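**Q** Got a structure for you, questions after.
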Amino acid sequence: MNTNSNTYTVVYTTIIVIIVAAILAFAAMSLNGRQVANMKAETIGQILKAAKIESGESNAEIINAYKSQIAEAYTVDLTGAKKGELPAEDATIFTTSQLKAQNYKIAGGESDATLPVYVFKNGTKVVPIYGAGLWGPVWGYVAVGTDGKIVGATFDHASETPGLGGKIKDDPAFSAQFDGKAFDFNDVVPFDIVKGGAPAGKVNAIDAITGATMTSKGLGEAVNAWARAYAPVLAAAPCCCEETQAEETTKTEE
Amino acid sequence: MANLKETFLNPLLKGNPITVLVLGICSSLAVTVELKGACVMALSVIAVTGLSSLVVSILRNTIPNRVRIIVQLVVVAMMVILVDQLLKAFAYGIDKQLSVYIGLIITNCIVMGRIEAFALGQKPIPSLIDGVANGLGYGMILIIVAFFRELLGSGTLFGLPVLKAIGYTNNGLMILPPMALILLGCVIWVQRSIQKDLQEK
């Protein structure tokens, strides 16, 4: 057969493309459930890690740890008023793409933003942050304890440079800097990531990453924008002690 | 059989895709900051080069000559997307770490280069071996470079702190891409001083 004729070429390429498309569509559909489950478990794992709650490595262990430790998960608007519940029994959380949608609303100051808050049984509140790094989005979770201090933070990114901006996720020493710090809503910015080193003793500042100025800057902006959005929730943190203690007592009684 | 052995061994040393053919440089600069990433990248490239060489070789007599590059590209792209999807489903953490670089295997010159130079004219089994061997040759250099970059740049190997104990200060230059190029140059230098027949007059 003449493999160089026009008809042959057109028919051949059409068939190849259809076969390849079918294989890829099949692969995407059959693997989708697993991929979504992986992403959800990863997000929940990050929430737990921020709140310093131990969980296993596997997806099931992470989800079980979340279900057993969560006290209440709900959504708020920009004024801090409760909007809805995120049912704990099936571990409903906001996915990263949902955070992205809310990020636009926060940036635009739209009051109908829906922001998730995860409250654990020890009173720790975990809130997400989302923003732009150097190459793509950066996001993460900040856990604030009942005393208003930050318990822990985890960050993740889509495409920051490994070894530089990627350190926001990979370098435990970076996120560990958040531990014991606090947001100061009376300061110029609630939280500062300082290039060249944070001044000693400042409660709401940490060091930026060497060689990753843009990522550090983007992350700082993301933390501040979302901290401001959550200000009503986070500023009110200490007053929740009683409620949490009451909950803990009921737990012991059970 | 001797021929197949030659097909397998040649890309590892004498015809190494990175150090001799100088292909696939871009990705070897990008993924060699950490050993773990370099290893998974090596495995992914081995799978992609091997399988796409095999598929193209099976199809070689039917592919219309005028659109052969496009057809090859479609096959390679399919393999890369499959690898990416499988990693996302079964090795999610590693897929996250390699992020964009898996997708960029498509642009790796080695894959298309071997298909054009070898798989289009050879039977499926030698093509598969050639593809896998070229992936191995690529991966080998990747791991050598990543070893030095992670060890001297971060003081760790596979994330384990190795040099911290002796008070080593991390060399930030090692982490940056230019250092990968310099290291690659050193690897080429060492190889050529050992294999004298590679030296140009």
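The values are calculated or read from the model by the stated rules, or taken from the named source; none is laboratory data. Only a predicted model underlies this, so the values are computations on that prediction, with no experimental measurement involved. As a convention, Cβ positions derive from the backbone with ideal geometry for all residues, glycine included, and neighbour counts pool all protein chains shown.
**Q** Residue by residue through the stretch A:65-100, note down the ones that are in a loop (DSSP other than H, G, I, E, B), of a type outside the set (D, E, K, R) and more than 23 Å from residue A:149 (Cβ to Cβ).
**A** Keep residues of the stretch A:65-100 that are in a loop (DSSP other than H, G, I, E, B), which gives A:77-81, A:86-95.
Restricting the remaining residues to those that are of a type outside the set (D, E, K, R) gives A:78-81, A:86-88, A:91-95.
Selection gives A:78, A:79, A:81, A:86, A:87, A:88, A:91, A:92, A:93, A:94, A:95.
**Q** Among the residues of the stretch B:169-188, is any of a type in the set (S, T, N, Q) and touching an Asp or Glu at 6+ places or on another chain (Cβ under 9 Å)?
**A** Restricting attention to the stretch B:169-188, the residues satisfying the condition of being of a type in the set (S, T, N, Q) are B:169-171.
Within this subset, residues satisfying the condition of being touching an Asp or Glu at 6+ places or on another chain (Cβ under 9 Å) are none.
Checking the stretch B:169-188: not a single residue is of a type in the set (S, T, N, Q) and touching an Asp or Glu at 6+ places or on another chain (Cβ under 9 Å).
**Q** Still on this structure: If you take the residues in the stretch B:159-194 that are more than 13 Å from chain A (Cβ to nearest Cβ) and modelled with pLDDT under 85, which one is nearest to residue A:173 (Cα to Cα)? Spell out how you get there, then give the answer.
**A** Here is the first cut: in the stretch B:159-194, the residues more than 13 Å from chain A (Cβ to nearest Cβ) are B:160, B:162-163, B:165-168, B:181-194.
If we keep only those that are modelled with pLDDT under 85 too, we end up with B:160, B:162-163, B:165-168.
Working: B:160: 14, B:162: 17, B:163: 17, B:165: 17, B:166: 19, B:167: 17, B:168: 17 Å.
So, considering only residues that are more than 13 Å from chain A (Cβ to nearest Cβ) and modelled with pLDDT under 85, the one nearest to residue A:173 (Cα to Cα) is B:160.
**Q** Hey, another quick one. For the stretch A:30-48, does any single residue satisfy the condition of being on the phi > 0 side of the Ramachandran plot and either within 11 Å of chain B (Cβ to nearest Cβ) or in contact with a helix residue (DSSP H, G or I) (Cβ under 6 Å, 6 or more places away or on another chain) (or both)?
**A** Quick first cut of the stretch A:30-48, residues on the phi > 0 side of the Ramachandran plot only: none.
Within the stretch A:30-48, none of the residues are on the phi > 0 side of the Ramachandran plot and either within 11 Å of chain B (Cβ to nearest Cβ) or in contact with a helix residue (DSSP H, G or I) (Cβ under 6 Å, 6 or more places away or on another chain) (or both).
**Q** Would it be correct to say that residue B:53 is in contact with a helix residue (DSSP H, G or I) (Cβ under 7 Å, 6 or more places away or on another chain) and either without any contact (Cβ under 8 Å) to a residue 24 or more places away in the chain or more than 30 Å from residue A:7 (Cβ to Cβ) (or both)?
**A** Values: in contact with a helix residue (DSSP H, G or I) (Cβ under 7 Å, 6 or more places away or on another chain): yes; either without any contact (Cβ under 8 Å) to a residue 24 or more places away in the chain or more than 30 Å from residue A:7 (Cβ to Cβ) (or both): no.
Spelling it out, it is not the case that residue B:53 is in contact with a helix residue (DSSP H, G or I) (Cβ under 7 Å, 6 or more places away or on another chain) and either without any contact (Cβ under 8 Å) to a residue 24 or more places away in the chain or more than 30 Å from residue A:7 (Cβ to Cβ) (or both).
**Q** Name the residue that is modelled with the lowest pLDDT, counting only residues in the stretch B:67-106 that are in contact with a Ser or Thr (Cβ under 6 Å, 6 or more places away or on another chain) and at the interface with chain A (Cβ under 7 Å from one of its Cβ atoms).
**A** Of everything passing the filter in the stretch B:67-106, B:99 is modelled with the lowest pLDDT.
**Q** On the basis of being buried (at least 20 other Cβ atoms within 10 Å of the Cβ), of a type in the set (A, V, I, L, M) and under 15 Å from the mean Cα position of the chain (by Cα), does residue A:119 make the cut? First the steps, then the outcome.
**A** Numbers: buried (at least 20 other Cβ atoms within 10 Å of the Cβ): yes; of a type in the set (A, V, I, L, M): yes; under 15 Å from the mean Cα position of the chain (by Cα): yes.
Against the criterion (buried (at least 20 other Cβ atoms within 10 Å of the Cβ), of a type in the set (A, V, I, L, M) and under 15 Å from the mean Cα position of the chain (by Cα)), residue A:119 qualifies.
**Q** Here is a follow-up. Please go through the stretch A:172-191 and pick out each residue that is in contact with a helix residue (DSSP H, G or I) (Cβ under 9 Å, 6 or more places away or on another chain) and either within 14 Å of chain B (Cβ to nearest Cβ) or more than 19 Å from residue A:145 (Cα to Cα) (or both).
**A** A:173, A:174, A:189
**Q** Taking the condition surrounded by 18 or more Cβ atoms within 10 Å (Cβ to Cβ), in contact (Cβ under 8 Å) with a residue 12 or more places away in the chain, within 14 Å of another protein chain (Cβ to nearest Cβ) and not in a loop (DSSP other than H, G, I, E, B), does residue A:62 pass? Break it down into steps so the answer makes sense when it comes.
**A** On the way: surrounded by 18 or more Cβ atoms within 10 Å (Cβ to Cβ): yes; in contact (Cβ under 8 Å) with a residue 12 or more places away in the chain: yes; within 14 Å of another protein chain (Cβ to nearest Cβ): yes; not in a loop (DSSP other than H, G, I, E, B): yes.
So residue A:62 fits the description; yes.
**Q** Select the helices (runs of 4 or more DSSP H) contained entirely in the stretch B:1-92, then report the ones holding at least 1 residues which are within 19 Å of the chain's Cα centre (by Cα) and under 19 Å from residue A:21 (Cα atoms).
**A** B:35-59, B:68-90
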